[in-house]
Amino acid sequence: MRDVGTVLWKELKELSSTDGAWVTLTTILVFMLFVGVVIPWLLGIAWLRAPWSVIMWAWIPFFVVTTVTADSVAGERERRTLETLLATRLPDASIVLGKVLAAVVGVWSVTVLCLPLGTVTVNMTVAGGPHVPPLSQVAALFAVVLFASTLGAALGVLVSIRADSVRQAQQTLAISAIALFLGPIVLIRLLPERWTGDLVAAMMLGSPVRSAVILAGILALATAPLLGLALIRFRRRRIPLR
Amino acid sequence: MKRGTVQRLVAVPGGRDGPSQKPGTVTPPAIVARGLTRDFPGVRALDDLTLEVPRGAIFGFLGRNGAGKTTTIRLLLGLIEPTKGEALVLGHDPVRVSAAVRKRCGVLLEHAGLVDRLTATDNLDLYGRIWRMRRDMRARRTEELLRRVGLWDRRDDRVRNWSRGMKQKLAIARALMHRPSLIFLDEPTAGLDPVSAAELREDLLRLASRERVTVFLTTHNLAEAERLCDLVGVVREGRLLSVGSPAEIGARHTRPRLRIKGGGLTENVVELLRARQEVDAVEIGNGHLLVSLAQGARVPPLVSFLVRLGVQVEEVTRVGNTLEDGVLSLFHDEGGTPVPPLRAAGGSDA
C-alpha cells in the first residue's frame, strides 16, 4: 500500500504543479458548472427523481477518467520518464493501482461535489421544494460514480499500456466511451418488444435508488475483471520502451 | 583522477556490500554475465556477452550507437529478458529476482527521466519515497546531493526549463539518492557541450568516489572513458570484442611503436628497416624515427641491427598507444579480431 501511496503522491503532485494547477482548476470548474449547474437546470426535478438519470452519473465520470488515464503510461513513455520509473523497486501492481487510484480519487471527488451543487440548482429552479435526495440515493450514486470511475481508469490504463502515443490512447478510449453509451441503446432495440416495454417503464417510472444500486452492481462486476486485466498486462518486461 | 587500481578495488574488504566479510577476502563481482544474448525481431542486439565487473570499479561499456549498450543495461536491470544466457547483478539474478536487483541499483538511462513538472527537490523526494526513505533522511540526502552537484540554489525550480547539463546532474543525484551499490549510467554526457560534459564528469568522479559505488557507464566518447574508467569493454554489433583497462586496450589492439633518436638515421637505414619482418612501418620525424612493430616483434635485435648499420642510438622509447587507438583499431577490423576469453575481473583478460 505504501508504494501505491507513493505513485498516488507523484500523480497528484504532478496534477497540482504550478503550471498544471491552472489547467486542472479550470477543467474542474468547467466540469462542475456543466454537471452541477447546467444539466440540473435543464432537467429540473428529473435530475433528482428520474431513474434514468443515474446513467449520467456513470457515463460522465467514466468519460472524464478515461481522458485522464490515457496519459498514464503512454504519457510517461512520451515524456521519457517511464523507463526510469520501471527501473526502480516499485512493483508493477503498485504502479498500476497508484495511477488508477489517482484518477479515481480526482474524478470521484469532483463528481460527487456536483450532487449538492445540482441539488441547490434544482431547488432554485423548481418550485414546491425542498427537493432533497434520500441518503440511500446519495450513497447509491456515490457507489455508481466510484465504480464507473474505476472502470474507466482501469480501461484507460489498459489502453495506455500499449498505445504508441497519448493521442492514440485518447482516440481509442473516446470510441470506447461512445460505444459504451450507444451500445446499450442498440441492445435495447434488439430485445423483444415486451422486454423493451418493461425496461423503459422501469427506467422511466421505477425508483432511482433501485436503478442506482443495479447500475453500481453491474459496474462493479465489469470493473473487477478489467482491473485484473490491467494488472496482468502491466508487466515491465512486456511494456514497449522507446 | 581515477580512484585507484582495479586490483585494489576488486579486493575491497568490508564496505557497503560486504560488511560481514573478513578482511582480505575477495568481494564477488558486482556484475557477472555469461553468454548473455538478446534477439529482437530480425536482429541480434546482444551476442553471447560474457563479462565480470568488479565491485567498486568504474566500468565503461564502449560502442557505437546500436552496438547493444542500452540493451545490456536493460537486461542487467531485468527490464527485458535475455534470449539465452544468464547474469548476476550484486549476486541476484535479474530474470528471477529483478526487484532485488533494482532495489540496490540507481540509474541514469538514455533520457534523464525527470518529472519536468516537479521541482528539483520534489524529484529527489519522489525517488526517496520510492526507496522508502524516512522523511528526515530524504530531506538530508536531498540537500547533501543538491549541494554536491551545485544545484542547491535552484532546488525550488521546476526542472522543465533547465539545461540538459543541469538535468543530467540532477539525474545523477537521483540515481545516488538511496545510496545504491551499483549505478548504471547510459551515455550521461551525450548531447552536452564540452564544458558541461567536463563538469558532469568531475561531479560523477567525486560522487562515485565518495559514495564508493560501482559504476556501469556506457559511452561512445573514448576520451571520457579513458579519463573516467578503471576498466572498459568494447562492444561492436552486440559482440564484446575486448575488456581491460584503457591502457591495456590501447596496448593490446594496436601495433607497438618505438621512437628512436640518434645520429646516422639515413634514408638507407630507413629502407633497410622497412625491409625487416618485425617492422610494419617507419615514419621519419624531426631527428627521430617512429617505428611500428609487427605483432610479437622484439626490440633488442632491432636495436642491435641499427647499431650494426652504424647508427649512434641515443634513445629508444616505447610510444604509448591510447584507448582511442585500440578501440578504433577494433572497430576498423571488419574481419573481426579473434576474441580472447573475456574476463574483466582483475583488469585483464584471462
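Okay, here's what the table says:
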| read-out | value |
| --- | --- |
| Residue satisfying all of: in segment A:231-240; away from every other protein chain (no Cβ under 14 Å) and within 14 Å of A:P91 (Cβ to Cβ); surrounded by the fewest Cβ atoms within 10 Å (Cβ to Cβ) among these | A:I232 |
| Residues of segment A:200-230 satisfying the condition of being of a type outside the set (G, A, S), over 21 Å from A:A139 (Cα atoms) and surrounded by 13 or more Cβ atoms within 10 Å (Cβ to Cβ) | A:L226, A:L227, A:L229 |
| Residue within segment A:99-108 that is in contact with a Lys or Arg (Cβ under 6 Å, 6 or more places away or on another chain) and closer than 30 Å to B:R104 by Cβ present | no |
| All positions within segment A:14-60 that are in a helix (DSSP H, G or I) and crowded, with 19+ Cβ neighbours inside 10 Å | A:E14, A:V35, A:G36, A:P40, A:L43, A:W47, A:L48, A:S53, A:V54, A:W57, A:A58, A:I60 |
| Residue in segment B:258-269 that is under 31 Å from the mean Cα position of the chain (by Cα) and surrounded by 14 or more Cβ atoms within 10 Å (Cβ to Cβ) present | yes |
| Matching residues in segment A:74-99 - criterion: being touching a residue at least 24 places away in the same chain (Cβ under 8 Å), hydrophobic (A, V, I, L, M, F, W, C) and not in a loop (DSSP other than H, G, I, E, B) | A:A74, A:L82, A:L86, A:A93, A:I95, A:V96, A:L97 |
| Residues that are more than 30 Å from B:R64 (Cα to Cα), among the β-branched types (V, I, T) and outside any loop (DSSP other than H, G, I, E, B), drawn from segment B:285-330 | B:V291, B:V299, B:V303, B:V307, B:V313, B:V316, B:T317 |
| Residue in segment B:274-284 that is in contact with a helix residue (DSSP H, G or I) (Cβ under 6 Å, 6 or more places away or on another chain), buried (at least 18 other Cβ atoms within 10 Å of the Cβ) and assigned to a helix (DSSP H, G or I) present | no |
| Residue match in segment A:111-119 (condition: away from chain B (no Cβ under 14 Å), of a type in the set (S, T, Y), surrounded by fewer than 18 Cβ atoms within 10 Å (Cβ to Cβ) and over 30 Å from B:V97 (Cβ atoms)) | no |
| Extreme residue, nearest to B:C105 (Cα to Cα), among residues of segment B:174-188 that are in a helix (DSSP H, G or I) and within 13 Å of chain A (Cβ to nearest Cβ) | B:A175 |
| In segment A:136-175, the residues that are of a type in the set (G, A, S) and under 13 Å from the mean Cα position of the chain (by Cα) | A:A143, A:A148, A:S149, A:G152, A:A153, A:A154, A:G156, A:A174 |
| Condition check for B:G336: modelled with pLDDT under 80, within 30 Å of B:G66 (Cβ to Cβ), touching a helix residue (DSSP H, G or I) at 6+ places or on another chain (Cβ under 6 Å) and of a type outside the set (D, E, K, R) | no |
| Matching residues, segment B:248-271, being modelled with pLDDT of 80 or more and part of a helix (DSSP H, G or I) | B:E248, B:I249, B:E267, B:N268, B:V269, B:V270, B:E271 |
| Tally of residues being at pLDDT 75 or above and touching a strand residue (DSSP E or B) at 6+ places or on another chain (Cβ under 9 Å) across segment B:311-333 | 14 |
| Subset of segment B:214-223 that is surrounded by fewer than 24 Cβ atoms within 10 Å (Cβ to Cβ) and touching a residue at least 60 places away in the same chain (Cβ under 8 Å) - its residue that is nearest to B:I58 (Cα to Cα) | B:T219 |
| Only listed residue being more than 8 Å from every other protein chain (Cβ to nearest Cβ), in a loop (DSSP other than H, G, I, E, B), of a type outside the set (A, V, I, L, M) and farther than 20 Å from B:F184 by Cα, chosen from B:D136, B:D156 | B:D156 |
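Yes/no per residue for (1) within 12 Å of chain B (Cβ to nearest Cβ); (2) charged (D, E, K, R):
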{"residue": "A:P40", "(1), (2)": "no, no"}
{"residue": "A:A50", "(1), (2)": "no, no"}
{"residue": "A:P61", "(1), (2)": "no, no"}
{"residue": "A:V64", "(1), (2)": "no, no"}
{"residue": "A:T67", "(1), (2)": "no, no"}
{"residue": "A:R77", "(1), (2)": "yes, yes"}
{"residue": "A:T88", "(1), (2)": "yes, no"}
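The values are calculated or read from the model by the stated rules, or taken from the named source; none is laboratory data. Please read these numbers as outputs of a predicted model, since none were measured by experiment. Counting neighbours? That spans all protein chains shown, and the Cβs are built from the backbone with ideal geometry, glycine included.
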